[in-house]
Amino acid sequence: MTLRLFPLLVLGWLALAPRLAAHIGNSAVVLDGPAGPYAVRVIIRPPPVVPGRADIVVRLLDADAGGVEVTVLP
């Protein structure tokens with residue numbers, strides 16, 4: 001690698017580092033986005049051991065709905 005490319009590589013790494021460090025040590029899966037016509041936030045915390053039960057939190061951000069149904073797929 002030439003010496004001229006090294007500062008660009010360092011700047012690129014520093015630009016990505018905050019995004020890469022956001023979920024270190026956190027096993028939860030988070031979705032902020034649309035589910036059909038509804039804006040939702042879904043948080044899934046996997047169980048500490050398998051088999052086990054995951055915690056699922058679903059929040060509607062914009063509208064009221066009659067209910068929420070979760071289907072587990074392999």
The range 53-65, residues that are closer than 18 Å to GLY36 by Cβ, open to solvent by less than 100 Å² (accessible area, probe 1.4 Å) and assigned to a loop (DSSP other than H, G, I, E, B) = LEU61, ALA63, ALA65
Please identify the pairs in which a residue from the range 50-72 that is free of Cβ contacts under 8 Å to residues at least 12 places away in the same chain has its Cβ atom under 8 Å from the Cβ atom of a residue that is assigned to a loop (DSSP other than H, G, I, E, B) and surrounded by 11 or more Cβ atoms within 10 Å (Cβ to Cβ), counting only partners at least 6 apart or on another chain.
-> GLY52/PRO46; ARG53/PRO47; ALA54/PRO46; ALA54/PRO47
Hey, among the residues in the range 35-50 that are open to solvent by 70 Å² or more (accessible area, probe 1.4 Å) and assigned to a strand (DSSP E or B), which one's modelled with the lowest pLDDT?
-> TYR38
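The values are calculated or read from the model by the stated rules, or taken from the named source; none is laboratory data. Bear in mind the structure is a predicted one, so any value in this text is a computation, not a measurement. Because the Cβ atoms are built from the backbone with ideal geometry, glycine has one as well, and the counts that use them run over all protein chains shown. Areas reflect the complete protein model, heavy atoms only, side chains present, ligands, DNA and RNA absent. Shrake-Rupley method; radii C 1.70, N 1.55, O 1.52, S 1.80 Å.
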